[in-house]
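Take a look at the structure set out below.
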Amino acid sequence: MSKNTKLIFETIIVFLIVSFFAVFVQKIEINKFLKYSLYSIILLFQGLWFYRFYIVGHEASHKKLFPDNLKLNDFWGSIVLLPLMVPITIYRQIHFFHHGFNRKDEHTSALDTFVVKKEPNKLQQIYYYTIWYISVFCGGFFIHSLVSVILFLFIPPKVSVKISPAFKKWTMQDQLKSIALFTLGVLLHLSVYLFLGKEIYLFTLGFPMLAFAWVLSLLVYIFHYDTTIGDGVRYNVRSVKRVPIISWILMNFNEHATHHQYPNIPWYELPQKSASLPQEYAEKNQNTWNFFKAIINQIKGPNITHEHTH
């Protein structure tokens, strides 16, 4: 059995086991404080495990789950992404653009940068800091991603590319396939709700999605926040040191600089093939190797620049 076959089974089985425990904890008669404390730990794990779904989808978007069989690769990538209601087709389109244009300039794929026409006043600064804090610490990046998915599901392909260059070569066939996959995700949620009941739905999919919204928003940009901006798109990134349980859940995603330099390396080879950044990029971007510090550093806020700065 291949490593990625094991990965898919592990991802699905752990999801089912943790879902069972989340429901079970609600049924047992114990002290309320203990129950809420135990459930909080389970819910956090569920949020992280939904992020595992996202990263399995990431491997599928790079065609690395089953590199010799694209149909099988996309099938299992789509299955694992169903709870998130994210079509692999849209995921791949946006993610490939991210790799090609990551932090190329202040306007392109630099989520922590706001460009204004003139030097911002105090009120504008407060506004952009508020947007940033909501995006990172209150689930805003998840909402942004969800709106983006729904938007590109239903607007004509010719209009899509005008909104985002990521959708260059986006076809009607791609769009129809994406709508079908999104519909399957919605049907999964509806089926669990209708056939298993509201309580089971909330503790297996509903509340975990909310936890995932927070986890995704908190973690999605830690490898690029406040890194270099410029043509060296492969190097505008950082890695962080391995945290055993988290690195297992997130499939060695901490080796993010290696992944951006060599995106074809599968998740299980990243630690062995770890690659350092060129010195000029490492000096700026590797300002921390600590996973938790990389999260906390985002409190510093966004970069607000005006067009006449450069």
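Only one of the numbered conditions (1) at positive phi; (2) open to solvent by less than 30 Å² (accessible area, probe 1.4 Å); (3) not basic (Lys, Arg) is not met by Thr89, and that is (1). Would you check if Leu202 is without any contact (Cβ under 8 Å) to a residue 12 or more places away in the chain, open to solvent by less than 50 Å² (accessible area, probe 1.4 Å), of a type outside the set (S, T, N, Q) and assigned to a helix (DSSP H, G or I)? For Leu202, the condition - without any contact (Cβ under 8 Å) to a residue 12 or more places away in the chain, open to solvent by less than 50 Å² (accessible area, probe 1.4 Å), of a type outside the set (S, T, N, Q) and assigned to a helix (DSSP H, G or I) - is met. Counting only residues that are open to solvent by 60 Å² or more (accessible area, probe 1.4 Å) and either basic (Lys, Arg) or more than 16 Å from Ile265 (Cβ to Cβ) (or both), the stretch 55-78 holds 8 of them.
Among the numbered conditions (1) assigned to a helix (DSSP H, G or I); (2) of a type in the set (D, E, K, R); (3) open to solvent by 20 Å² or more (accessible area, probe 1.4 Å), the only one that Arg52 does not meet is (3).
Taking the conditions (1) touching a residue at least 40 places away in the same chain (Cβ under 8 Å); (2) more than 30 Å from Pro156 (Cα to Cα) in turn, Tyr221 satisfies each one other than (2). Considering each of Ser148, Ser160 in turn, give the residue that is open to solvent by less than 10 Å² (accessible area, probe 1.4 Å) and under 29 Å from Gln261 (Cα atoms). Exactly one residue qualifies, and that residue is Ser160.
Hey, among the residues in the stretch 165-184 that are open to solvent by 60 Å² or more (accessible area, probe 1.4 Å) and touching a residue at least 24 places away in the same chain (Cβ under 8 Å), which one's farthest from His99 (Cα to Cα)? Per the stated criteria, the residue is Leu184.
The values are calculated or read from the model by the stated rules, or taken from the named source; none is laboratory data. Predicted model, so just to flag it, every value in this text is computed and none were measured. As a convention, Cβ positions derive from the backbone with ideal geometry for all residues, glycine included, and neighbour counts pool all protein chains shown. Ligands, DNA and RNA are stripped out before the accessible areas are found, and what is left, the full protein with its side chains, is counted by its heavy atoms. Shrake-Rupley method; radii C 1.70, N 1.55, O 1.52, S 1.80 Å.
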